[in-house]
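Values quoted throughout were computed directly from the atomic coordinates according to the rules given, and no laboratory measurement underlies them. Because the structure is predicted, anything quoted here is derived from the model rather than measured. Positions of Cβ are backbone-derived with ideal geometry, glycine not excepted, and every protein chain shown enters the neighbour counts.
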């Protein structure tokens, strides 16, 4: 494996049985959102960091200390300084809230009085001090998750791992917990597995996208979701995404890609971004709101009524599904072997008489398509 630049937490490890080979570094005090489809390797990453899995290649280090490596080095979970917060709070049902939180310092050897004092401090930190005397069965989902966060923090971990912390909460409880985590993670090293772009924006300094057991891309949250280089990240950001190669030719302007099934896709390269050289891999992204749909004429030899003027991309496609989305209708289409979406008003969708199987022409202005290197 290639050596990584220095970091507080460095994972440069693999697990052959799961087809996972990961390389990433997390800086001290940095919160990183880990995103990716099911089976991408997110749980394996957390297992390697927390000590639930042993790597068979590479190593996991924290502040220069080897936690585990393929040569047999191994530090047990309770001595790693890594706290894992699962989707479910997993509180001890027979203990009070105070004793649940005090468990971590007690396990580290603190006297009972000292552990209880620490538990009280952390319960105040997560706005749950009034819950100290209750049992877990008396808590709501949001309250239980607050207590679980306090228990994790009471262990004074050097790294906090949060596995979809809002997954088990109802819609009403999640916003308050997001605000809480944004505050408590501000100066802590943390990895947060999430499927929600909102969580990445609110909590994370950086996003790492995993696909097929590898790091597909990594970058500052706003930049990565604005200019994704993987199909998964583009989907999270709600963008259309096609891959191709920069068109060849001396007179070919930057911002044109040759894409299988679509032909030439024209776009613009953002200021300050190096365009892909002719023949190099590139991607084009564009918003569903910037895609217009037109009917395909039924008369032999007829041409679609696509307006002329500014440079445009036009692709023939077939409607696959119509998805109501509040004041809009999201139209899912197949075009040249690619899945593309367009956002229309209900009136526009009705006027076009759209239904699954309908033939359409999808049009996107070149100015609305962003092109950059893959």
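The value of relative contact order for the stretch 9-226, using C-alpha pairs under 8 Å at least six residues apart, is 29 percent. Straightening the chain between residue 212 and residue 112 buys 31.4 nm, computed as 0.36 nm per residue apart minus the Cα-Cα spacing.
In the chain, helical runs assigned H by DSSP with n ≥ 4 each contribute -39500 (n - 2.57); averaged across all residues and rounded to the nearest 500, the mean residue ellipticity at 222 nm is -6500 deg cm²/dmol.
Extension gain for the segment residue 86 to residue 38, taken as residue separation times 0.36 nm less the Cα-Cα distance, is 15.6 nm to one decimal. Going by neighbour counts of Cβ atoms within 10 Å, the residues 8, 94 line up, fewest first, as 94, 8.
Given a cut-off of under 8 Å on Cα pairs at least six residues apart, what relative contact order in percent is computed for the stretch 74-187? Write down the numbers at each step before the final one.
Details: 153 pairs, mean separation 43.9, N = 114.
About 39 percent, as a whole number.
Translational diffusion coefficient of the stretch 87-147 (Stokes-Einstein, Kirkwood radius from Cα pairs, 20 °C, 1.002 mPa s): 188 µm²/s. With q set to 0.08, 0.13 Å⁻¹, the log10 of I(q)/I(0) for the stretch 9-226, from the Debye formula over equal scatterers at the Cα positions, is -0.28, -0.74. Look at the Cα gyration tensor of the stretch 108-186: its axes a ≥ b ≥ c give a/c of at least 1.5 with a/b at or below b/c, and that counts as oblate. Where q = 0.29 Å⁻¹, what log10 of I(q)/I(0) comes from the Debye formula for the stretch 240-286, counting one point per Cα? With no solvent term, the Cα-only Debye profile gives -1.16. Label-to-label distance for residue 281 and residue 316 is 3.0 nm, based on points extended 7 Å past Cα in the beta-carbon direction. With the alpha-carbon atoms of the stretch 320-373 aligned to their principal axes, the span from lowest to highest coordinate is 36, 24, 16 Å, starting with the largest.
Here r is the Cβ-Cβ distance between residue 374 and residue 124 and R0 is 51 Å; the resulting FRET efficiency, rounded to 0.05, is 0.55.
How much space per residue, in cubic angstrom, does the convex hull of the C-alpha atoms of the stretch 141-241 take up?
Details: hull volume 10.9 nm³, N = 101.
Taking the convex hull of the Cα positions in the stretch 141-241, it is 108 Å³ per residue.
Taking the C-alpha atoms only, the angle from helix 112-125 to the longest principal axis of the chain is near 30 degrees. Taken along the Cα-to-beta-carbon direction at a fixed 7 Å, the label points for residue 289 and residue 327 span 1.0 nm. Normalised by the number of residues in the chain, the average gap of Cα pairs under 8 Å and 6 or more apart makes the relative contact order 15 percent.
Axis angle, to the nearest 10 degrees, between helix 97-107 and the longest C-alpha principal axis of the chain: 80 degrees. From most to least packed by mean Cβ count within 10 Å, the peptides 58-67, 281-290, 140-149 give 140-149, 281-290, 58-67.
Taking the longest Cα principal axis of the chain as reference, the axis of helix 141-154 is set at about 60 degrees. The label-point distance for residue 78 and residue 187, in a model that sets each label 7 Å from Cα toward Cβ, rounds to 3.0 nm.
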